[in-house]
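The next block holds one structure in the form of structure tokens; read it before the comments.
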């Protein structure tokens, strides 16, 4: 009888955690913001990957260190619209000049809250590009943390600042 109680006591949390993990994978949370920029793709990508200049213009990722190279680790400092800062070290998943920069950051260990952040640059005609910045969150805590993962304002502010910098020079 004691064995059955112990097994049940251990099984319930394991099943609950598994259910949250499955739910987080089946119902990911995605945030994105898009802007058109009157500049060529290579110029926009160059600004986006010139991490040393971020403190001069970027209101969201206020500091970034590392190389925009697949497999590299970055060290980013984010500032939200309320002024709070957070440091994380994502791994670069894609770095295609003039097209895409994408990384994944994780809270503690894989599967708790994973955020795949992306910048996609697409032609928009007549020397213009469309920049989409977004993040797809997945993992066990995403269903309960979804309300905390709203960053549309921060993405839009960064996109506007990047646009201003690209179009000014």
query: Out of (1) touching a helix residue (DSSP H, G or I) at 6+ places or on another chain (Cβ under 7 Å); (2) within 29 Å of residue 42 (Cα to Cα); (3) surrounded by 16 or more Cβ atoms within 10 Å (Cβ to Cβ); (4) at pLDDT below 95, what's the single condition that is false for residue 151?
result: (1)
query: Is one or more of the residues making up segment 84-96 outside any strand (DSSP E or B) and in contact with a helix residue (DSSP H, G or I) (Cβ under 9 Å, 6 or more places away or on another chain)?
result: no
- prompt: Restricted to segment 23-43, and to residues that are surrounded by fewer than 20 Cβ atoms within 10 Å (Cβ to Cβ) and at pLDDT below 90, which residue is nearest to residue 111 (Cα to Cα)?
  reply: 25
- prompt: Of the conditions (1) touching a strand residue (DSSP E or B) at 6+ places or on another chain (Cβ under 7 Å); (2) buried (at least 17 other Cβ atoms within 10 Å of the Cβ), residue 124 fails just one. Which one is it?
  reply: (2)
- request: Would you be able to tell me the number of residues in segment 44-80 that are crowded, with 18+ Cβ neighbours inside 10 Å and outside any strand (DSSP E or B)?
  value: 10
task: Inspect all residues belonging to segment 127-143 and state whether any of them is part of a helix (DSSP H, G or I) and farther than 17 Å from residue 32 by Cα.
output: yes
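The values are calculated or read from the model by the stated rules, or taken from the named source; none is laboratory data. The model shown is predicted, which means the values in this text are computed figures rather than measured ones. Note that we place each Cβ from the backbone using ideal geometry, even for glycine, and neighbour counts take in every protein chain shown.
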